[in-house]
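Quick notes on the structure that follows.
FYI, it's all coordinate maths here, none of it is from the lab. Since the structure is predicted, the reported quantities are computational estimates derived from the model, not experimental observations. All Cβ positions, even for glycine, are placed from backbone atoms using ideal geometry, and neighbour counts span all protein chains on display.
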Amino acid sequence: MKIEINPMEKASLVTEVIRNRRTIFADAFTSEEVSQELIEQVLTDAIWAPTHKRTEPWRFVVLKGNHPEKMGEYMAEFYKDYILEKRYNSLKQYCKNATLIAIIMHRDERERIPEWEELAAVSCAVQNLWLSCTTHGLGGYWETCEAAMEYTKQFTQAGERSMGIFMLGHYDAVTTKAVSRRRPLEEKLHWDFGDELTD
Ligand SMILES: Cc1cc2nc3c(=O)[nH]c(=O)nc-3n(C[C@H](O)[C@H](O)[C@H](O)COP(=O)(O)O)c2cc1C
């Protein structure tokens with residue numbers, strides 16, 4: 001169903017979704033399962049990202065079954081020498097309620113564009129996915145720690161690169177604290193007028 005909204009409302013809705021998207025960590029997810037329909041919905045939004053020469057260089061693997069438990073155990077073992085026992089035990093349980101989506105960059109076979117553009121396109125897709133989760137009331141974030149990068153290598157084929165895991169799940173927006181901040185735009189923005197004369 002197409003909902004008609006006026007252009008001003010549409011613009012402010014998009015701004016609201018962009019600015020309210022937050023990183024919600026996996027230990028905030030409830031045990032409520034994310035339906036296959038919803039997973040496919042947010043991934044369909046993901047694949048509407050722009051791509052140079054329409055290479056569509058993404059592939060997603062939804063890690064079901066015992067993967068969330070295995071992933072937690074893998075992370076705990078991976079960092080075992082650097083963390084205390086308490087952290088080790090909590091890490092094992094960390095993503096047990098998460099839907100894990102391995103993010104994979106699938107390079108254009110003809111390598112028509114530089115690899116960085118393919119990585120950038122997949123990143124655009126992840127942002128779409130993240131924003132779509134926000135609109136559907138799902139929490140989520142992009143996990144790119146070394147353990148996640150290693151764990152997902154088992155799903156890559158020749159010409160592909162693991163780009164980590166997107167973890168998503170239902171969460172309680174009232175009790176979950178998620179704050180973020182940004183530096184003011186003025187620090188990041190400069191205007192350049194080329195040879196145009198200014199006085
Ligand atoms: C490419 C990329 C990789 C990220 N990897 C991690 C990560 O491995 N662990 C983590 O806690 N957050 C990760 N994040 C999320 C950032 O920590 C988060 O976006 C940042 O703290 C700002 O918070 P916000 O998303 O709520 O605005 C990643 C974000 C991006 C864009």
Quiz item: Does any residue of region 126-145 turn out to be out of contact with any Leu (no Cβ under 8 Å at 6 or more places or on another chain), assigned to a loop (DSSP other than H, G, I, E, B) and more than 10 Å from the ligand (Cβ to nearest atom)?
Solution: yes
Exercise. Those residues that are surrounded by fewer than 12 Cβ atoms within 10 Å (Cβ to Cβ) and more than 17 Å from Val126 (Cα to Cα), I need them from region 11-29; list them, please.
Key: Ala11, Ser12, Thr15
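In region 43-58, which residue that is within 16 Å of the ligand (Cβ to nearest atom) and within 14 Å of the chain's Cα centre (by Cα) is surrounded by the fewest Cβ atoms within 10 Å (Cβ to Cβ)?
Residues of region 43-58 within 16 Å of the ligand (Cβ to nearest atom): 46, 49, 57-58.
The next check asks that each one be within 14 Å of the chain's Cα centre (by Cα); those that pass are 46, 49, 58.
On the way: Ala46: 24, Ala49: 19, Trp58: 23.
Going through the qualifying residues, I end up with Ala49.
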Self-check item: Scope region 1-40; condition assigned to a loop (DSSP other than H, G, I, E, B), free of Cβ contacts under 8 Å to residues at least 12 places away in the same chain and small (Gly, Ala, Ser); matching residues
Solution: Ser35
Quiz item: Tell me, which residue of region 146-180 that is in a helix (DSSP H, G or I) and within 11 Å of the ligand (Cβ to nearest atom) is surrounded by the fewest Cβ atoms within 10 Å (Cβ to Cβ)?
Solution: Glu146
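With respect to Ala148, is the statement that it is of a type in the set (Gly, Ala, Ser) and within 16 Å of Leu63 (Cα to Cα) true? Spell out the reasoning first.
Numbers: of a type in the set (Gly, Ala, Ser): yes; within 16 Å of Leu63 (Cα to Cα): yes.
Answer is yes for this residue.
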Quiz prompt | region 81-120, residues that are over 17 Å from Ala148 (Cα atoms) and surrounded by 21 or more Cβ atoms within 10 Å (Cβ to Cβ) | solution = Glu118
